[in-house]
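What follows is calculated from the coordinates using simple rules that are stated; it is not laboratory data. On a predicted model such as this, the values are computed, not experimentally measured, just so you know.
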Amino acid sequence: MSSYFDDEKNVRDYISMTKDDDWSELVELLARHVPDGSEVLELGMGPGADLDLLLARYRATGTDASQPFLDIYLDSHPQADVFRLDAVTMDTDRRFDAIYSNKVLHQLTPGGLSRSFEAQARVIRPGGIAFHSFWYGSGEKIHHGLRFTYHTKSTIQEAIGNQFVIAEMERYEESESGDSFYLVLKCS
Ligand SMILES: C[S@@+](CC[C@H](N)C(=O)[O-])C[C@H]1O[C@@H](n2cnc3c(N)ncnc32)[C@H](O)[C@@H]1O
């Protein structure tokens, strides 16, 4: 099914709208749990701002469901280790020490999110970490055909099943106080 970010114009608009975003605080939080030099997979890399920060510490691999995001990043980083990957099915034989995403998994349906966590548990090496950021709250909105599902600890707990334990979950501000949270999960 075609989505908003399959259209190159929408992708270029998003890249220009977010060009000044700085995600270094999130990557610092990841670094409290994942040692430098580890192999880290990013889901939904979008423009690649997080990936550039991850690469400063890790052997990082970028992925996205949208080919235009990958193509545009590869134009300026031809040697980058990036490939197309759906966060729900995670159809890859590769394994990683950690998985990272920043405001990606809110786009999945509740069923899709549970499937994603099952798949992540397969792709992360034993003892590894998943780190994700979400919008905090309840309900969902559709904007430009994109789903925005809001989550709390209980909806996350339901989605992760018994494959992970929540090691950390803290709210932070992206646009307004407490509108977001990050989650550190350990493979159980
Ligand atoms: C809001 S953007 C965030 C991108 C980047 N992390 C950032 O903070 O700028 C969401 C990204 O998730 C990707 N995405 C959405 N659904 C996905 C899925 N099922 N699998 C992989 N990527 C997905 C989109 O293509 C888009 O690049």
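Under 5 Å from the amide H of Ile99 lie the amide H atoms of Leu41, Ile129, Ala130, Phe131, each residue being 5 or more positions distant or on a separate chain, with H modelled from the backbone and absent for Pro and chain starts. Using only the Cα atoms of the chain, each taken as one equal point scatterer with no solvent, compute I(q) by the Debye sum, divide by I(0), and report log10 of the ratio at q = 0.13 Å⁻¹. These q points yield log10 I(q)/I(0) values of -0.63. Distance from the C-alpha centroid of the range 96-116 to that of the range 140-157: 11 Å, rounded to the whole angstrom.
Which lysines have a Cα less than 21 Å from the Cα of Lys153, not counting those fewer than 8 places away in the same chain? Once the sequence-local lysines are set aside, what remains near Lys153 is Lys103, Lys141, Lys186. In straight-distance terms, cross-link reach from Lys9 covers every one of the lysines whose alpha-carbon lies under 18 Å from its own, apart from those fewer than eight places away in the same chain; here that gives Lys19. Karplus-derived 3J(HN,Hα) values for the range 155-161, using 6.51 cos²θ - 1.76 cosθ + 1.60 with θ = phi - 60°, are 5, 5, 4, 4, 6, 7, x Hz; glycine and proline are entered as x.
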